[in-house]
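These notes are about the structure you will find just below.
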Amino acid sequence: MSHRNAPLTPTGRLRLARCVVDDGWPLRRAAKRFQVSHTTAARWAGRYRLHGPAGMDDRSSRPHHQPRRTSPAVEEHVLRMRHEHRIGPLRLAGRAGIAASTAHRILQRHHTPPLATLDRATGEPVRRYERSRPGELVHIDVKKLGRIPDGGGHKALGRAASSPNKDRRNGAGYAYLHTALDDHSRLAYTEDLPDETAPTCAAFLTRATAWFAGQGVFTERVLTDNAWAYTKNTWRQTCRDLGISPRWTRPWRPQTNGKVERFHRTLLDEWAYHRPYTSDAERQAAFPNWLDWYNYHRPHTGISGHTPASRVTNLSGQHT
């Protein structure tokens, strides 16, 4: 963007026009002085005569007449389908008989928000929130992950070679990854546990709360889904003993606990399925380093590229 006092900004145009109109300069002299063509000098002088200083501002380059513009009926049809079916420009174009670029321009023209920002169930914009300080709210959830048999699973051996491992009675079974994630900082604590029963979940909460306290994060509330373990008295009593207020998401609304859900997706992409492992022990051995990298070194797009640890004031300078 040019400097506000440079020639041919509104300020420069006004100076040129005043030289011609108010001071009587010839057009070619003014054009040479401001290093523009004489037709440009004539344009700004003419606008100054008609509109005064207000005429020096930029105008829209949109043509006054657009005979090939999409008809209002087609635009209304596209917008109605978008509202009813929540589909993108490519599918809208196929149903409306127009180009995908045309459907995209219609959506832009009417300021239709992208599908990624909408709740697919209701079509309403997603209400994003973030707590103002670490510890104000901690999200907790469990991710069930198939264990890798010794020698490797299907990623290492292929589907056919690993098919006997699908026998869950004699196979490798499941890992239950319990995660506690701070809403404000996105600092995460995860354990691989044998199940997701009420005593296991309650014991995990006790250890997670202690770990967060060691980082200077003192847990005030925990948010979970409505899984059986989180509704039992064991969970409620543990929260009372720790001085924590329990909260639950609305049924069938996992988006409310979306931060920890998104962490689990990152965990799968960048650790669990990042490369073929030959055993579950090998994959578990790689987890502490990955979690340390996530907390202390990995830029997090949800917090403007900062690391989770950078939002906890007493952690600066650690894990360098």
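Of the residues in the range 197-216, how many are closer than 23 Å to Gly258 by Cβ and at pLDDT below 95?
So the answer is 1.
Identify the single condition in (1) within 29 Å of Tyr230 (Cβ to Cβ); (2) modelled with pLDDT under 90 that Arg265 does not satisfy, given that it satisfies every other one.
All conditions pass for Arg265, except number (2).
So which of Leu107, Leu115, Leu137 is touching a residue at least 60 places away in the same chain (Cβ under 8 Å), among the hydrophobic types (A, V, I, L, M, F, W, C) and surrounded by 12 or more Cβ atoms within 10 Å (Cβ to Cβ)?
The conditions single out Leu137.
Among the residues of the range 57-67, is any part of a helix (DSSP H, G or I) and exposed (fewer than 12 other Cβ atoms within 10 Å of the Cβ)?
Taking the range 57-67 and keeping what is part of a helix (DSSP H, G or I), we get none.
Within the range 57-67 (the criterion being part of a helix (DSSP H, G or I) and exposed (fewer than 12 other Cβ atoms within 10 Å of the Cβ)), the answer is no, since none of the residues qualifies.
Yes or no, residue by residue, for (1) of a type in the set (Lys, Arg); (2) touching a Phe, Trp or Tyr at 6+ places or on another chain (Cβ under 9 Å); (3) in a helix (DSSP H, G or I):
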| residue | (1), (2), (3) |
| --- | --- |
| Leu8 | no, yes, no |
| Thr11 | no, no, yes |
| Arg15 | yes, yes, yes |
| Arg28 | yes, no, yes |
| Arg33 | yes, yes, yes |
| Val36 | no, yes, no |
| Thr39 | no, no, yes |
| Arg43 | yes, no, yes |
| Leu50 | no, no, yes |
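Which residue, of Arg91, Arg28, is charged (D, E, K, R) and over 30 Å from Gly258 (Cα atoms)?
Arg28
Could you pull out the residue among Phe263, Phe204 that is in the same structural domain as Ala175 (by TED's automatic domain parsing), under 16 Å from Leu181 (Cβ atoms) and within 20 Å of the chain's Cα centre (by Cα)?
Phe263
Does Pro246 qualify as being touching a residue at least 12 places away in the same chain (Cβ under 8 Å), out of contact with any Cys (no Cβ under 8 Å at 6 or more places or on another chain) and either outside the structural domain of Val142 (by TED's automatic domain parsing) or not charged (D, E, K, R) (or both)?
So Pro246 does not fit the description; no.
I'd like the full set of residues that are part of a strand (DSSP E or B) and either within 25 Å of the chain's Cα centre (by Cα) or surrounded by fewer than 18 Cβ atoms within 10 Å (Cβ to Cβ) (or both), limited to the range 175-190.
Leu177, His178, Thr179, Ala180, Leu181, Asp182, Ala188, Tyr189, Thr190
Out of everything in the range 91-149 that is among the basic types (Lys, Arg) and within 30 Å of Tyr174 (Cβ to Cβ), what residue ends up being nearest to the chain's Cα centre (by Cα)?
Arg120
Please specify each residue of the range 272-295 satisfying the condition of being at pLDDT below 95 and within 22 Å of the chain's Cα centre (by Cα).
If the condition is that a residue be at pLDDT below 95 and within 22 Å of the chain's Cα centre (by Cα), then Ala272, Tyr273, His274 are the ones that fit.
So Glu220 fits all but one of (1) under 27 Å from the mean Cα position of the chain (by Cα); (2) at pLDDT 95 or above; (3) closer than 29 Å to Ala285 by Cβ; what number is the exception?
(3) is the only condition that Glu220 fails.
The values are calculated or read from the model by the stated rules, or taken from the named source; none is laboratory data. What you see is a predicted model; the values in this text were computed from it and never measured. Cβ coordinates were reconstructed from backbone atoms using ideal geometry, including for glycine residues, and neighbour counts include every protein chain displayed.
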